[in-house]
Every structure is written in C-alpha cells, then in structure tokens.
Amino acid sequence: MNTKKMEKDYLLHKWLNNEATPEELEQLKTDPEFASYIQIATASSGFELPQMDSGANFEAISNKLKPVLQLHKPNIFSVVWKVAAVFAVLLAGYYYTTTLDTSVKTEIAQTETFSLPDNSEVVLNAGSKIKYNKKNWDNSRELSLDGEAYFKVTKGNKFSVKTVEGTVSVLGTQFNVFARDGLFAVACYEGLVSVAFNDTLLKVSAGSKIQIENGKLAINETVENHSPVWLAHESNFENVSLPIVIKELERQYPVKITLENVDSEKRFTGSFTHKNLDLALKAICEPLQLHYKIDKNGAVHIDAKNSK
Amino acid sequence: MKEPENVCNENIFNRLYEAHGKPVWRFIYFKCGDTAQADDLVQEAFIKLWQNCAKVTQEKAKSFLYTVCNNAFLNEVAHHKVVLRHAKRQPEKTNFHSPEFLMEESQFHEKLKTSLENLTEAQRTAFLLNRIEGKKYAEIAEMLNISVKAVEKRMSQALATLRKEIGNI
C-alpha cells in the first residue's frame, strides 16, 4: 500500500512536470485521491494573473536610473577631479616655493653671514637685503642687493650682483659692494670684477676700489685691506657726503640722528667704529668741526660748532 | 574565445527586460499578491541589475534577477492575498453540459480560487509557478534557490491542502 502510494506520488509529480504518458495518467486517475489532485491541478492551470504593465514599469526603471546614472558618473569624475586638484595644488605649491626668490635681510646693527647654493659666501652688512633664486642658481648666479655686502665667490661661471646703482659681475673673487642713496662703491680683494653702471663698464682688479657717486666715477684707487673694514666692525668712507655717513651711522646704531644747521655738502673721509656710539660720533664730528649731543631720549643732535 | 559579455549595454539590458520582465513580475506576484508591490520589486530588481551590470554576465542575469527578488521579498513585510481570476482557458470539450454541471463547476472554481489564495506563500509560489507558468520542478527550484525535493514537497502539500479545503469531490 505504502509503496503503491509512493509510486503514485512519483507518477503525480511526473505528470505535474508534464512528463507522464497518457497511460500513466489513466493509471493515476483510478485512485480517487489522485484523481481529485489531477482535477485540482488542471483547474488551477485555468487561472490567470493580473498583467504587468511592461511599458509603464520600464519607464519607471528608466526614470529611476537616470538620476542614478547622472549621480554616478559625475561622482567618479568628481573623485578624479578632487585627486587631480590636490595634486595640482601640491605641484603648484612645490613649484612656487622652489622657484620663489630667497631673500636675506638684516636689521639695524646686525650683520649676517650665509652661503649661496654654490658655497659662495656672503656677509651682509646692517640694514641690507639680498634676493636670489635657489632653484635657478646653477644656471645663473645672479642676485640683487640693496645695501652693502661682502662676497667671497667660488670659482665658476659669471656671478652677478644687481643693484639699483649698477651691476657687478665676477668670475670668482672676493669683493665688497656698497649701493645706497646714489653712492655705489665696489672694492675688490681678490680676482677681477667688472662693474657696469650708466652704460659704463669698469674692471676692478684685486686690491682696488671704485666709488661712483650719482652715476659718476669719483674714486678709483687701491685698497690696503684684505677684506672690508666693516667686517672688523668699522665703517670707512672716503670723500662721502655727510648724510650718507649719518645714515650708515644710523644703520649701525639704533639711534635717531638729526642734523641742525649743518651744511649737507660737507664731505667726510675716515672711519668710525660700530662698537661705541660716543667714539663713533666723535670720529665723525671732530674732523668736520661739528658738535653733537645725546638727549635723554637717546636721540642725537648734531649742529655746527660756530652756529652756537 | 569570446568574452562573456556583461549587461552594461542598453540594448542588452532592454532585451533582458523584454525576456524576463514579465516572468519576474509574475514570480513576485505569486509571492506577494500585490500588483503595486510587484511593480516596485521588478523595478528594483532591474535597477540593481543595471547598477551591478559590470559584475553580471548575460547568462547570470536571470538568476541575478530572481535572487534579488527573493532577497527583497524576505525583507518585505506586507503579504497580500493573491487575487486570481479564472480565465476559463480550458477548451470547452462539450457544449451539452447540464445547468447543474455548469453551476457545480463554477462553484468548484470559486472554492479553488479561495483555497489557492489561502495557501502559504511557499506552497502557493511553487504550485502556481508549475500550474500557471508551466515551469518544471527544476526551474522552480532554481528560481527559489531550493532543492527539487523541496519543490516536490511543496507541490504535494499544496495539493493536499487544496483537496482538504475544497472537500472531497
């Protein structure tokens, strides 16, 4: 009985799977239970479903996909763009910082010694400024100077110091450049430097010094020293107008100096120390027959002795 | 060697919708009995197919769709009654049925319809896929991701339940 039932079950599934022969179907129908199954199954096949609206659903899918697609693609691109933007900023920053001019500046009463990328040495006197480009240094050894500086140049290609007063070019030497307020002085201690100013080109050989005032060559003579005196904390002037000397004094000492009733055409030759203000004032005033006094605020007043 | 093409192509995608849209929709309908829900799920399944188009080959698309629907259905809470309509598709063998017979027949259909609607989701889906869609057990097993033996069991259970509900005929 049980095996018979199992056999009929097998046949039923065979029939439901549409694989039974008509004979097998007839055999099933002899059993009332299975006959009713067949009736139910047959009748069930006669039912229908509501129909899907294929077009409407496809439209809905397309509409839902549109924003998804639009959001998707720009997203991928925006990520790429973000990465690219970060790299661009980094690159620009790197480029900017590496090509940026390096500048060295000294305040009043301060000197600064530093090396250039080719190991050339620069000593910057007080109140001066040097600007140069590290990145491009190997191609062009060129710097701009405002003030006074001493250079020990390593041998190599042309080394140029640009100032408002003129340009100094060398090959490998030690020299000093002073360029302020219309006074342009170049002293060469080793090798040979060429000085260009106002369409004039001058060669300054070792142990010589030139001084150009307001575009005109004023002095061309030899120097005794092996390095500029300001490196030994002294300032040395030769036939220089007083205001320039006073300004230098103001650069070496943090004082305010006023000239009263003093002929600014007076010219000074000599040197003054950077270590003692009183001594320095004396060194300037006495040869020029000037009188100075320091008030309680520390300001210096200089006036002509005979005007008193 | 031809690379198995994925479905990231509008033409292929459209063809897949033509081929599988309606069967998938009916499959969902057997499960939930709600046309609106069937619409939603069929849309979701095809949207997922498009979003994952790079990972799905054309051969895998069909099973992908059914898997998505099965999973979605597991998450769906709302189960509705299946609303069926008798189509009277059976060929009229005879035209000389007595009015009593016709009456009985229509009563029988009414009872069967109610009973079908009351079957459990598992029994109903398998039974109607076989009866209305004409699917073989192996196909049903694949769609539902169950074994053929499990399909057999569900079919037997469905028939037994229906017979009991309708009463011995």
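No lab work stands behind these numbers, since they all come straight from the coordinates. These figures come from a predicted structure and were not determined experimentally. All Cβ positions, even for glycine, are placed from backbone atoms using ideal geometry, and neighbour counts span all protein chains on display.
I'd like the Karplus ³J(HN,Hα) series for region A:47-53: coefficients 6.51, -1.76, 1.60, θ = phi - 60°, whole numbers in Hz, and an x wherever there's a Gly or Pro.
Each residue's phi maps through the Karplus curve to give 8, 10, 9, x, 8, 6, 7 Hz.
Could you tell me how many degrees, from 0 to 90 and to the nearest 10, lie between the Cα long axis of helix A:2-16 and the main elongation axis, the longest principal axis, of the Cα atoms of chain A?
Tilt of helix A:2-16: around 60 degrees.
Would you tell me the mean number of C-beta atoms belonging to other protein chains that fall within 10 Å of each C-beta in B:20-33, as a whole number?
2
Which one, A:TYR10, A:ALA232, A:PHE272, is farthest towards the positive end of the dipole of the protein assembly as shown when Lys and Arg carry +1 and Asp and Glu -1 on their Cβ?
A:TYR10
How big is the convex hull of the Cα atoms of region A:101-232, per residue, in Å³?
Measuring per residue, one finds 94 Å³ for the Cα hull of region A:101-232.
Counting only helical runs of four or more DSSP H residues, what would the 222 nm mean residue ellipticity of the protein assembly as shown come to if each run contributes -39,500 (n - 2.57) and the total is spread over all its residues?
-15500 deg cm²/dmol
Please give the average number of partner chain Cβ atoms lying within 10 Å of the Cβ of each residue in B:140-152, rounded to a whole number.
Across B:140-152, the average partner-chain Cβ count within 10 Å equals 1.
Work out, step by step, the length gained on full extension between A:ASN119 and A:GLU33: first 0.36 nm times the residue separation, then minus their alpha carbon distance; give nm to one decimal.
20.0 nm
Which residues among region B:44-75 fall inside the zone where the amide N is under 15 Å from a point 7 Å beyond the Cα of B:ASN9, along Cα→Cβ?
Inside the label zone: B:53-61.
Give the shape of region A:192-308 as rounded, prolate or oblate, defined through the alpha-carbon gyration tensor: a ≥ b ≥ c are the square roots of its eigenvalues, a/c under 1.5 means rounded, and otherwise the shape is prolate if a/b is larger than b/c and oblate if not.
prolate
Any chance you could list the semi-axes, whole Å, largest first, of the equivalent ellipsoid that the Cα gyration tensor gives for region B:1-40, using √(5λ)?
One finds semi-axes of 28, 10, 7 Å for region B:1-40.
Under a plain spin-label model, where a point goes 7 Å from the Cα along Cα-to-Cβ, how far apart in nm are A:VAL255 and A:ASN225?
With each label point 7 Å from Cα toward Cβ, the separation is 2.1 nm.
Take every residue in peptide A:18-26, count the Cβ atoms of other chains within 10 Å of its Cβ, and give the average of those counts.
1
Between A:ILE294 and A:THR98, what FRET efficiency comes out of the Förster formula 1/(1 + (r/R0)^6) with R0 = 45 Å and r the beta carbon distance, rounded to 0.05?
The pair A:THR98/A:ILE294 has a calculated efficiency of 0.40.
Report, to two decimal places, the Cα Rg of the protein assembly as shown normalised by 2.2 N^0.38 Å (N = number of residues).
Cα Rg divided by the expected 2.2 N^0.38 Å: 2.31.
Can you pull out the cysteines in the protein assembly as shown that have no other Cys Cβ under 4.7 Å?
Isolated Cys, the protein assembly as shown: A:CYS188, A:CYS285, B:CYS32, B:CYS69.
Along its three principal axes, how long is region A:1-132 when you only count alpha carbons? Whole Å, largest extent first please.
Sorted from largest, the Cα extents of region A:1-132 read 125, 40, 23 Å.
Let me know the charge dipole size of the protein assembly as shown about its Cα centre in debye, to the nearest 20, where only the beta-carbon of Lys, Arg (+1) and Asp, Glu (-1) is charged.
About 480 debye.
Can you compute the FRET efficiency between A:LEU25 and A:LYS66 using 1/(1 + (r/R0)^6), with r the Cβ-Cβ distance and R0 = 51 Å? Round to the nearest 0.05.
Given R0 = 51 Å and the Cβ-Cβ separation, E is 0.45.
Counting other Cβ atoms within 10 Å, which trypsin sites (Lys or Arg not before Pro) in region A:142-235 have at most 13 and lie in a DSSP loop?
A:LYS155, A:LYS158
Using 7 Å Cα-to-Cβ label points, what is the A:ASP263/A:ALA109 separation (nm, one decimal)?
Spacing of the two 7 Å Cα→Cβ label points: 3.3 nm.
Report, in cubic angstrom per residue, the convex hull volume of the C-alpha atoms of region A:92-138.
So the per-residue Cα hull volume is 64 Å³.
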